[in-house]
Amino acid sequence: MGTKGLFITFEGIDGSGKTTQLELLYGDLRKKGITPVRTREPGGTALGEKVRTLLADRCLDILPSTELLLFFSSRVQLVESLIRPAIEEGQVVLCDRFHDATVAYQGYGRGLSRNAIAMLERMFVGRVRPDRTYLLDCSYVTAQKRMMSRAAKERIESMDRTFFDRVRKGYRDIAKSEPGRVVVMDGGRRIDAVHKLIKDDFLRWAGY
Ligand code: TMP
């Protein structure tokens with residue numbers, strides 16, 4: 001592998017299947033003798049996991065701007081302590097959500113200023129941007145069906161359909177504006193079919 005590693009992210013609304021797809025690609029790469037760094041947002045560090053617990057708490061009344069800054073606090077800690085060093089060492093990093101989620105959820109979903117979000121990214125995240133992103137695009141109804149088997153919903157997961165429709169639009173707009181980075185997959189398809197598409201795309205794109 002070259003000197004710079006690869007930073008791959010998985011995105012989509014809650015219940016889109018992105019975490020399952022990340023795990024499947026992780027397994028594929030392990031079989032090829034590559035051990036990617038696997039992480040998630042919010043979380044991935046001791047501090048980030050505590051922030052994640054706060055963000056998930058349905059009993060907490062968190063203002064939209066506070067929510068935005070909590071996501072950033074987790075991200076900055078993760079970028080500086082894990083993602084940036086791993087990329088500089090030449091590793092493959094698979095991350096379950098990253099900054100696109102903030103644009104989609106806090107920007108489109110909550111209606112916070114996208115300029116402010118972009119400014120925070122420039123100030124605190126800098127040049128660490130995903131090289132490739134798999135967006136699992138699916139409807140609220142499909143996602144809800146998948147989520148039925150899960151335990152109690154977390155704070156943001158329990159938002160209503162109109163919220164998730166805005167988030168989905170946010171993700172689609174990001175994909176349209178960066179077609180070279182964001183690969184859109186139909187998250188409503190069977191898990192194995194989506195997996196094959198992601199695996200084939202990744203191996204071709206990365207040249208493995
Ligand atoms: P997860 O369940 O996919 O790990 O994500 C946790 C929740 O946090 C999920 O509802 C999406 C939300 N989220 C945001 O609202 N903004 C963000 O920047 C990130 C990373 C996640």
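A few remarks follow.
- Qualifying residue in region 12-23 (condition: at pLDDT 95 or above, of a type in the set (A, V, I, L, M), surrounded by fewer than 20 Cβ atoms within 10 Å (Cβ to Cβ) and over 26 Å from Arg204 (Cβ atoms)): no
- Qualifying positions in region 129-149 - surrounded by fewer than 18 Cβ atoms within 10 Å (Cβ to Cβ), assigned to a loop (DSSP other than H, G, I, E, B) and within 19 Å of the chain's Cα centre (by Cα): Arg129, Asp131, Ser139
- Residue list for region 104-119, filter: within 11 Å of the ligand (Cβ to nearest atom) and either within 27 Å of Gly5 (Cβ to Cβ) or touching a His at 6+ places or on another chain (Cβ under 8 Å) (or both): Ala104, Tyr105, Ile117
- Test: residue in region 29-48 that is surrounded by fewer than 17 Cβ atoms within 10 Å (Cβ to Cβ) and acidic (Asp, Glu): no
- Only one entry of Arg168, Arg189, Arg161, Arg204 meets the criterion of being of a type in the set (Lys, Arg) and under 30 Å from Glu89 (Cβ atoms), and that entry is Arg204.
- Some residue of region 163-171 being more than 13 Å from the ligand (Cβ to nearest atom) and not aliphatic (A, V, I, L, M): yes
- Scan of region 70-113 for residues that are surrounded by 24 or more Cβ atoms within 10 Å (Cβ to Cβ) and over 14 Å from the mean Cα position of the chain (by Cα), ordered by number: Gly107, Gly109
- Candidate set: region 18-67, residues that are outside any helix (DSSP H, G or I), within 20 Å of Thr102 (Cα to Cα) and touching a residue at least 60 places away in the same chain (Cβ under 8 Å); chosen: the one nearest to the ligand (Cβ to nearest atom): Glu41
- Within this structure, Val182 fails the test of being farther than 25 Å from Asp57 by Cα, surrounded by 13 or more Cβ atoms within 10 Å (Cβ to Cβ) and within 13 Å of the ligand (Cβ to nearest atom).
- Asp100 closer than 29 Å to Ser149 by Cα and either in a helix (DSSP H, G or I) or within 11 Å of the ligand (Cβ to nearest atom) (or both): yes
- Condition met for Arg189 (without any contact (Cβ under 8 Å) to a residue 40 or more places away in the chain, in a loop (DSSP other than H, G, I, E, B) and surrounded by 13 or more Cβ atoms within 10 Å (Cβ to Cβ)): yes
- Out of Ser149, Ser139, one residue alone is more than 10 Å from the ligand (Cβ to nearest atom), hydroxyl-bearing (Ser, Thr, Tyr) and closer than 25 Å to Arg181 by Cα. It is Ser139.
- Residues in region 1-28 that are among the aliphatic types (A, V, I, L, M) and over 27 Å from Ile174 (Cα atoms): Met1 only.
The values are calculated or read from the model by the stated rules, or taken from the named source; none is laboratory data. As the structure is a computational prediction, the values presented were derived from the model and not from experiment. Virtual Cβ from ideal backbone geometry, glycine too; neighbours counted across all protein chains shown.
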